[in-house]
Amino acid sequence: MDHTPAPTGRTRLDSYVDRYAARTAGMTASEIRALFSVASRPEVVSLAGGMPNISGLPLDVVGGAIADLISDAGPTALQYGSGQGTPELREQICEVMALEGISAHPDDVVVTVGSQQAVDLVTRIFCDPGDVVICEAPSYVGALGVFKAFECEVVHAEMDEHGLRPDALRAAIASLCEAGRRIKFLYTIPNFHNPAGVTLSAERRPEILEICREADVLILEDNPYGLLGFDQAPMRALRADEAEGVIYLGSFSKTFAPGFRVGWALAPHAVREKLVLAQESATLCPPSFSQMAVSSYLREHDWQGQVKQFREMYRERRDAMVDALEDLMPPGCSWTVPSGGFYVWLTVPPGVDTKAMLPRAVTARVAYVPGTAFFADGFGSSAMRLSFCYPTPERIREGVRRLAGVLEEEMELRATFGATGTHEALTRSRYDGPGSDQA
Ligand code: PMP
């Protein structure tokens with residue numbers, strides 16, 4: 001028998017509102033989430049989502065390996081496992097990190113449910129409400145969502161085409177210290193930044209480490225794209241030159257497949273213990289099946305050859321996007337040219353509000369993520385993130401063509417009518433939390 005109460009006209013949520021913990025006030029759905037369900041229609045070219053393009057994966061090989069895994073080791077693969085992750089995978093993770101100059105012991109690795117969970121666990125163990133996390137401006141929307149959920153205050157530090165600016169970091173730390181604030185860590189994405197598309201230069205890396213060492217600020221180095229560089233060998237990780245002051249996060253989502261949800265944190269030994277306890281209370285253990293599947297893929301397959309193919313595919317798409325931007329964008333726009341990863345950051349002429357413009361873009365069958373999603377303080381309305389990872393080069397060009405048309409119309413409107421009140425108000429609209437545009 002169905003015991004569902006008959007609808008009363010009130011939404012069921014009403015009766016729960018007063019019971020939620022205060023921290024859930026920070027968990028709000030993005031206003032643009034609804035638009036994204038429209039944006040996923042096939043006629044819309046989505047330059048919005050950051051979904052890895054896994055169409056090149058050898059699914060027959062992966063399928064065969066999974067079938068073997070179940071027949072050979074099913075009772076272990078389908079059982080609970082250790083809270084820290086399987087020893088074999090943690091060893092393999094150390095080999096992966098060695099490609100970025102990191103020398104680490106498998107004991108200091110904690111396997112997580114994607115690196116997203118690692119961001120959550122690190123914040124959980126370090127941050128009290130009101131603690132400060134310094135983030136780049138802009139920063140990854142999914143991390144900002146975690147920091148907000150734990151009631152941290154995010155303070156942004158500027159970047160330029162060489163990544164985080166040491167002077168901006170120094171100034172942010174100095175003014176926070178002067179104000180007596182507790183800085184818990186610097187959250188940084190040094191390689192092929194999401195969403196900015198820039199990479200921290202080799203020259204700046206020691207300086208950033210030195211600034212944090214001097215000020216005793218921990219670094220959370222989030223590096224899911226590090227092996228996806230187009231033109232060069234992987235950059236040396238910050239963690240490679242500083243073992244105590246850096247927690248490093250990695251992921252198999254972009255180099256293999258996000259569906260396994262396998263990522264990791266490499267932490268100083270003492271922190272590792274707390275992370276495992278936090279992991280156990282969150283999930284008991286990361287999924288044995290996924291970890292063993294990833295292990296078998298790394299062991300049996302030429303995974304580095306596969307990563308090379310991914311790099312070539314993404315480079316072709318980056319080229320398609322940058323060429324299309326050069327050919328089609330109206331004057332006054334500028335953009336970053338990423339040397340790896342998935343994203344271009346496009347800055348539009350002053351006065352154009354990318355959030356206000358999004359419904360018009362979706363009507364013109366192209367989608368992007370407005371810059372405001374990547375700031376905790378309401379900035380970013382004159383920028384947007386464009387992803388080139390998923391659509392084909394032809395679709396990317398078509399998407400940029402549509403976007404250029406919408407931007408031209410918007411600029412003409414502004415030239416004719418000047419700034420409208422609505423636009424000005426939204427220019428300063430505040431960050432409204434991650435939506436389905438989080439990836
Ligand atoms: N960090 C960054 C910078 C990301 O872009 C993403 C995913 N888009 C993640 C973390 C989380 O990735 P996952 O949980 O799939 O490892």
- request: Show that you can apply the helix-only estimate: for the chain, add -39,500 (n - 2.57) for every DSSP H stretch of four or more residues, divide by all residues, and state [θ] at 222 nm to the nearest 500.
  value: -13500 deg cm²/dmol
- prompt: To two decimal places, what compactness ratio does the stretch 62-186 give when its Cα radius of gyration is scaled by 2.2 N^0.38 Å?
  reply: 1.40
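Calculate the FRET efficiency for residue 43 and residue 88 from the Cβ-Cβ distance with a Förster distance of 56 Å, rounded to the nearest 0.05.
0.80
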- prompt: From the phi of every residue in the stretch 87-96, what ³J(HN,Hα) in whole Hz does the Karplus formula 6.51 cos²θ - 1.76 cosθ + 1.60 yield, where θ is phi - 60° and glycine or proline is x?
  reply: x, 4, 5, 5, 5, 5, 4, 4, 5, 4
task: Please find, in a Gaussian network model of the chain (springs between Cα atoms separated by less than 10 Å), the residue of 251, 387, 55 whose mean-square fluctuation is greatest.
output: 55
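So if the hydrodynamic radius of the chain is defined as the Kirkwood radius over C-alpha pairs, what does Stokes-Einstein give as its diffusion coefficient at 10 °C and 1.306 mPa s, in µm² per second?
Working: Rh = 22.9 Å.
D, rounded to a whole number, is 69 µm²/s.
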message: Show me, bin by bin at 5 Å from 0, the whole-percent P(r) of the stretch 58-104 based on Cα pairs.
response: 5, 17, 15, 20, 21, 14, 8, 0
Residue among 107, 60, 231 with the largest mean-square fluctuation in a Gaussian network model of the chain, springs linking Cα atoms under 10 Å: 60
Other-chain or far-sequence residues with amide H under 5 Å of residue 335's (modelled H): 347
- line: Candidates 386, 99, 403; GNM for the chain (alpha-carbon contacts under 10 Å) flags as most fluctuating 99
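Highest first, please rank the peptides 187-198, 111-122, 284-295 by the mean number of other Cβ atoms sitting within 10 Å of their residues.
My ranking of the peptides, most packed first, is 187-198, 111-122, 284-295.
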- request: Quick one: pull the percentage of alpha-carbon pairs in the stretch 270-376 with a separation above 25 Å.
  value: 53 percent
message: So, R0 is 45 Å and r is the distance between the beta-carbons of residue 273 and residue 409; what FRET efficiency does that work out to, to 0.05?
response: 0.20
task: Quick one: angle between helix 303-328 and the longest Cα principal axis of the chain, in degrees between 0 and 90, rounded to 10, please.
output: 10 degrees
message: Cα atoms only: what Rg and Dmax, in Å, come out for the stretch 116-224?
response: 12.8, 35
- prompt: Given the alpha-carbon gyration tensor of the stretch 230-308, what are the semi-axes of its equivalent ellipsoid in whole angstrom, ordered largest first, with each equal to the square root of 5 times an eigenvalue?
  reply: 24, 21, 9
- request: Heavy atoms only, probe 1.4 Å: what % of the accessible area of the stretch 257-304 goes to carbon and sulfur, would you let me know?
  value: 57 percent
statement: Distribution output for the stretch 159-220: share of Cα-Cα pairs per 10 Å bin in percent, first bin at 0, values 21, 55, 22, 2
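If you roll a 1.4 Å probe over the heavy atoms of the protein chains, what accessible area per residue do you get for the chain, in Å²?
Averaged over the residues of the chain, the accessible area is 44 Å².
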- prompt: Regarding the stretch 190-348, what are the three Cα extents along the principal axes, ordered largest first, in Å?
  reply: 53, 44, 27
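The values are calculated or read from the model by the stated rules, or taken from the named source; none is laboratory data. All figures in this text were calculated on a predicted structure; none of them were measured in a lab. Quick reminder, even Gly has a Cβ in these numbers, built from the backbone with ideal geometry, and neighbours come from all protein chains shown. To get the accessible areas, we keep the full protein, side chains included, count just its heavy atoms, and leave off ligands, DNA and RNA. Shrake-Rupley method; radii C 1.70, N 1.55, O 1.52, S 1.80 Å.
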